[in-house]
Every structure is written in C-alpha cells, then in structure tokens.
Amino acid sequence: MGRPFCGLLVVLALSVSVAIRAQDREIPRGIQAQPGAPEPPTPAFQAAMQSNSTIVTVDGGGTVTTGTLTKSLTVGKEDFEAVLKDARTLRENFAKIEAFFAQRNIKDAVEFAESGAKGVDELEKAANAKTRAGAARAQLTIAMSCRRCHLAHRAHVLTYPLKYGIIVGGV
C-alpha cells in the first residue's frame, strides 16, 4: 500500500471515530444560548414538515419531485381526488408553518410559507379543472417554496444521526 492510501485510511478511521462519538448528542446548550444559534424544531413543526415531505419531496437539486403528488399525477393514471386531499393537508401545514415563523418574526420564512400556500391554491384550481400540467406546475411551485426556505433556515447539526435546527436570526 502506498503512503497516500494509508493516509486516507487514517483520515477515514478518525472520521468514523468522531461520528460515532457524536452519535447521540443534542445541540449543545452553550451553542443554543448564542444569538442566531439553531433552534430545535418543535414536535408539531416536525410533524408538519414530515407530512409535507410525504406529499412533495424535492431532490437535492430542487428539480425531481417524488411523493404522493407525483404518484397521483402519473400520466394516464391521474387521481385528482387524491391531489385535492393532499392540497387540503398542505394548506393546513403551510398555515402552521407560517404561524411558527410569524411567531419568531422571521419575515422571509413567512413569505416562503405564503408562497407555498399560493402554490396550493394553484394546485387546487388545476385539480378541480383536472389539468395535469397545471397541477404539476403548482407542485413545483410548492416544492421550490419549501426548498428556498430550507436553504435559508434549515441547519444541519453535525451529529449522528443528523439533528436539525431552525436558523432563527439573520444569516
């Protein structure tokens, strides 16, 4: 084995060791107390996010969507009643998300939630008209609202398994 390969093995072993030690750690209280530190999401907030993720999921590039909406909008197998059911759930969730961020006075996150709710309006309109293309466009509007908010406010706290926080202050 060459030196570069041995060095890579040492770095890999150290990385695994650090990850294992961090496995069950919470966001340290000292970090939580700092201005602008990530705030752990409430269980209700997490439930709304997980529900939205089941309905509209976006890949890392923000282009490919999966979830129940995609299944309901499969060409030739459209299920607009299921789309309307998902729209009702999304509407409830976006109202909760908007309230969460309004309570914390995070203006851009409130605007992202409002944009998602407008996407839900478009989704309902297209589903009622049984227009697959309109529903798919609305799905992307919703997904991109989620993605933009996550890019601005979702913090990955480096633990294993990953913990998530919400960036409350300005970045």
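Just so it is clear, none of the values below were taken in a lab; they were calculated from the coordinates. From a predicted model like this one, the values you see are computed outputs, not experimental measurements. Neighbour counts are summed over all protein chains in view; Cβ atoms, including those assigned to glycine, are modelled from backbone coordinates with ideal geometry.
One table, with the values for the structure above:
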{"quantity": "Length gained when the stretch Thr54-Asp79 is fully extended (0.36 nm per residue, less Cα-Cα span)", "calculated": "7.4 nm"}
{"quantity": "Relative packing of peptides 40-47, 88-95 - highest average C-beta neighbours within 10 Å first", "calculated": "88-95, 40-47"}
{"quantity": "Efficiency of FRET between Lys125 and Glu92 - r from beta-carbon atoms, R0 25 angstrom, step 0.05", "calculated": "0.90"}
{"quantity": "Calculated FRET value between Thr70 and Glu111, using beta carbons and R₀ = 25 Å, to 0.05", "calculated": "0.45"}
